[in-house]
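Q: I have a structure I would like to understand better, so I am pasting it below and will then ask my questions one at a time.
The values are calculated or read from the model by the stated rules, or taken from the named source; none is laboratory data. Owing to the predicted nature of the structure, the values given are computational and were not obtained by experimental measurement. When we count neighbours, we look across all protein chains shown, and the Cβ atoms used for this are built from the backbone with ideal geometry, even at glycine. Remember, those area values only see protein heavy atoms, side chains included, never the ligands or the DNA or RNA. Shrake-Rupley method; radii C 1.70, N 1.55, O 1.52, S 1.80 Å.
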Amino acid sequence: MNIGAHLSTKDGFSKLPENAHALGLRTYQFFSKNQMQWKSRPLDKNEAEAHAKAAKKLGIENEAIHASYLLNLGSPEDGKWKMSYDAFVEEIRRADQLGVPLLIFHPGAHMGSGEENALKRISKAVNSATEETKGARVKLVVENTAGQGSMVGHSLDHLGYLAKNSNDSERIGFCIDTCHAYQAGYDISNDLDAFLSEFDSKVGLGLLRAFHLNDSKYPFNKHLDRHENLGKGTLSHDFYVNLFNEKRLAKVPAFLETPEGEEGYPKDLEFLRSLGIKI
Ligand SMILES: [Zn+2]
Ligand SMILES: [Zn+2]
C-alpha cells in the first residue's frame with residue numbers, strides 16, 4: 001500500500017511533499033482550510049502551483065484533502081444543505097487548484113429525517129457538484145463512518161447506494177476508515193476478506209480510493225469514533241499483515257490519522273515494520 005498520513009499545513013502547502021518524505025511517508029492528506037470554519041481565505045495561486053509542482057517532483061501520488069467537518073450534505077434543512085453544498089464545491093475547486101486528486105468527506109447526518117432521506121440528499125449533492133465542476137479531475141471520496149449519532153455511511157449498503165446513484169464513476173470514490181469499519185460492526189480484525197468481498201459486491205473494489213489507517217480505542221461495534229495508534233488499540237496484529245498483503249489493495253493510499261499526529265507517526269510506522277510489513 002501507498003502509506004501516508006494526515007499532515008499539518010503549518011509550513012504552507014508547498015512544504016507538504018518534503019515534510020511527508022522526511023517522515024518516511026509516500027503520500028499525505030491535509031485540510032485546505034480551517035476544518036471548523038465555514039469561511040476560507042482564497043488560495044494563493046503561487047502557493048497552490050508550488051504545491052502541485054513539489055508533489056510532482058517528489059513523485060507523490062494520491063494526495064488527499066479532507067473536507068471540513070462542518071459539511072452536512074445529508075441535512076434535511078434546505079438552508080443548511082445549500083450552505084454545505086456551496087462549501088463542498090469550494091473544497092473541490094481548492095483541491096483542483098492544488099493539484100490534489102482526492103477530496104475525502106464525511107457523508108452527513110440525517111438529523112432525525114431518516115437514513116434514506118439523507119442518502120438521497122447526499123447523492124444529489126455529489127451529482128450536482130460533479131456537474132458543476134466538470135473538467136476538474138478531483139474524485140469525491142465518501143468516507144465510511146462509525147455510526148455515531150445520526151451519521152449515515154456506517155453500512156456498506158449506504159456506500160453502495162451512493163455508488164449506484166452516482167452519475168459519473170470516474171468522479172466518485174470511497175475511503176474506508178479501519179477504526180470506523182470496526183466500530184460500525186465489520187469485524188475486519190478477524191476477517192478482512194469477508195469485509196472486502198462484501199465491499200466488492202455492494203460498492204465495487206474499483207471505487208475504493210483510500211484507507212484511513214487507524215486502530216480503534218474501543219472494543220468491537222460500539223459506534224465510537226476514537227482512533228488509537230497502530231498496535232495500541234483493539235484491532236489484531238494479523239489485521240495489519242492481511243491488509244498490507246492484499247494484492248488488490250497494492251495501489252490504494254492508506255492515511256494515518258492517529259492521535260498524536262506527526263509526533264506519533266514514526267511509532268505507527270515502526271509498529272508496521274515490526275510485523276514484517278514493507279512500507
Ligand atoms: Zn474523516
Ligand atoms: Zn474517525
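Q: Name the one entry in LEU256, LEU275 that is open to solvent by 20 Å² or more (accessible area, probe 1.4 Å) and modelled with pLDDT of 95 or more.
A: On the way: LEU256 fails: open to solvent by 20 Å² or more (accessible area, probe 1.4 Å).
Unique residue meeting the criteria: LEU275.
Q: State all residues of the stretch 1-25 that are open to solvent by 70 Å² or more (accessible area, probe 1.4 Å) and in a helix (DSSP H, G or I); if no residue qualifies, say none.
A: LYS15, GLU18, HIS21, ALA22
Q: Another one. Of the residues that sit in the stretch 26-66 and are of a type in the set (A, V, I, L, M) and out of contact with any helix residue (DSSP H, G or I) (no Cβ under 7 Å at 6 or more places or on another chain), which one is surrounded by the fewest Cβ atoms within 10 Å (Cβ to Cβ)? Full working, then the answer.
A: Here is the first cut: in the stretch 26-66, the residues of a type in the set (A, V, I, L, M) are 36, 43, 48, 50, 52, 54-55, 58, 60, 64-65.
Then keep just the ones that are out of contact with any helix residue (DSSP H, G or I) (no Cβ under 7 Å at 6 or more places or on another chain); that gives 36, 64.
On the way: MET36: 9, ALA64: 26.
If we take residues in the stretch 26-66 being of a type in the set (A, V, I, L, M) and out of contact with any helix residue (DSSP H, G or I) (no Cβ under 7 Å at 6 or more places or on another chain), then MET36 is surrounded by the fewest Cβ atoms within 10 Å (Cβ to Cβ).
Q: Now for a separate question. Which ones in the stretch 128-151 are more than 16 Å from ligand 2 (Cβ to nearest atom), more than 14 Å from LYS82 (Cα to Cα) and buried (at least 17 other Cβ atoms within 10 Å of the Cβ)?
A: Those that are more than 16 Å from ligand 2 (Cβ to nearest atom), more than 14 Å from LYS82 (Cα to Cα) and buried (at least 17 other Cβ atoms within 10 Å of the Cβ): THR130, THR133, ALA136, VAL138, LYS139, LEU140.
Q: Follow-up question, since we're still on this one. Can you tell me which residues in the stretch 163-191 are open to solvent by 10 Å² or more (accessible area, probe 1.4 Å), outside any loop (DSSP other than H, G, I, E, B) and among the hydrophobic types (A, V, I, L, M, F, W, C)?
A: Result: ALA163, single match.
Q: Is there any pair linking a residue in the stretch 208-232 that is at positive phi and modelled with pLDDT of 95 or more to one that is open to solvent by less than 10 Å² (accessible area, probe 1.4 Å) and within 16 Å of ligand 1 (Cβ to nearest atom), with Cβ under 6 Å and at least six apart or on different chains, and which?
A: From residues that are at positive phi and modelled with pLDDT of 95 or more, the pairs are HIS223/ALA146; HIS223/GLN183.
Q: Let me ask something else. Given the conditions (1) farther than 17 Å from VAL252 by Cβ; (2) within 16 Å of ligand 2 (Cβ to nearest atom); (3) among the aliphatic types (A, V, I, L, M); (4) not in a loop (DSSP other than H, G, I, E, B), and given that ALA194 satisfies all but one, which numbered condition is not satisfied?
A: Among (1) farther than 17 Å from VAL252 by Cβ; (2) within 16 Å of ligand 2 (Cβ to nearest atom); (3) among the aliphatic types (A, V, I, L, M); (4) not in a loop (DSSP other than H, G, I, E, B), the lone unmet condition for ALA194 is (2).
Q: Something else now. Taking the stretch 130-153 as the region of interest, how many residues are at positive phi and either among the basic types (Lys, Arg) or without any contact (Cβ under 8 Å) to a residue 40 or more places away in the chain (or both)? Step through it out loud before you land on a result.
A: The first filter runs over the stretch 130-153 and keeps only residues at positive phi, leaving 135, 147, 149, 153.
Checking which are either among the basic types (Lys, Arg) or without any contact (Cβ under 8 Å) to a residue 40 or more places away in the chain (or both) leaves us with 135.
Of the residues in that region, 1 qualify.
Q: I need the full set of residues from the stretch 259-272 which are open to solvent by less than 60 Å² (accessible area, probe 1.4 Å) and under 14 Å from PHE30 (Cα atoms), in order please.
A: Within the stretch 259-272, GLY261 is the sole residue that qualifies.
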